[in-house]
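Inspection log for the structure reproduced underneath, given as structure tokens.
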Amino acid sequence: MSSSNVLIGRVLLCTVMFVPAFARAQQNSSETTRRVTNRVVPAYPELARAMKVRGIVRLDVLVASNGSIKSVKVIGGHPVLVQAAERAVQKWKWEPAGHESNEAIELRFNPE
């Protein structure tokens, strides 16, 4: 095993250690303030599957008044899972409102 693979493994192991126990539930998302009208389930990354990584990704999403995504900020989560979560949430749509809103999202990943 190369030293770079060992280093990557150690970094990922350290990251996994900070994932709380409740994060080991099935893939799911939290409720938001505004109603989600189109929710896309993230694809489970092959690297995460191979490493048997499970966990939760927390995102703060700025939703425009028309219900589309303006920006996504990662609050926390395993680095191997974050990109899949961001890609999926970028495709979500919320109900229109008279203003922008920040929505807290939690996506749970569990290999099956």
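Nothing in this text is a laboratory measurement; each read-out follows from the coordinates by a stated rule. Just so we're clear, the structure is a prediction, and the values are computed from it rather than from any experiment. Here the Cβ is made from the backbone with ideal geometry for all residues, glycine too, and neighbour counts use every protein chain on show.
Please verify whether segment 69-86 includes one or more residues that are touching a residue at least 60 places away in the same chain (Cβ under 8 Å), in a loop (DSSP other than H, G, I, E, B) and out of contact with any helix residue (DSSP H, G or I) (no Cβ under 7 Å at 6 or more places or on another chain).
Let us first name the residues in segment 69-86 that are touching a residue at least 60 places away in the same chain (Cβ under 8 Å), namely 78-80.
Now drop any that are not in a loop (DSSP other than H, G, I, E, B), which leaves 78.
Narrowing further to those that are out of contact with any helix residue (DSSP H, G or I) (no Cβ under 7 Å at 6 or more places or on another chain): none.
Checking segment 69-86: not a single residue is touching a residue at least 60 places away in the same chain (Cβ under 8 Å), in a loop (DSSP other than H, G, I, E, B) and out of contact with any helix residue (DSSP H, G or I) (no Cβ under 7 Å at 6 or more places or on another chain).
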Legend entry - All positions within segment 92-112 that are under 16 Å from Val74 (Cα atoms) and part of a loop (DSSP other than H, G, I, E, B): Trp92
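For segment 85-112, give me each residue that is small (Gly, Ala, Ser) and surrounded by fewer than 21 Cβ atoms within 10 Å (Cβ to Cβ).
Quick first cut of segment 85-112, residues small (Gly, Ala, Ser) only: 85, 88, 97-98, 101, 104.
Ala88, Ala97, Gly98, Ser101, Ala104 - these are the residues of segment 85-112 that are small (Gly, Ala, Ser) and surrounded by fewer than 21 Cβ atoms within 10 Å (Cβ to Cβ).
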Inset, instruction - Report yes if some residue within segment 58-78 is in contact with a Pro (Cβ under 9 Å, 6 or more places away or on another chain) and farther than 24 Å from Ala97 by Cα; otherwise report no. - result: no
Inset, instruction - Identify the single condition in (1) at positive phi; (2) over 9 Å from the mean Cα position of the chain (by Cα) that Lys93 does not satisfy, given that it satisfies every other one. - result: (1)
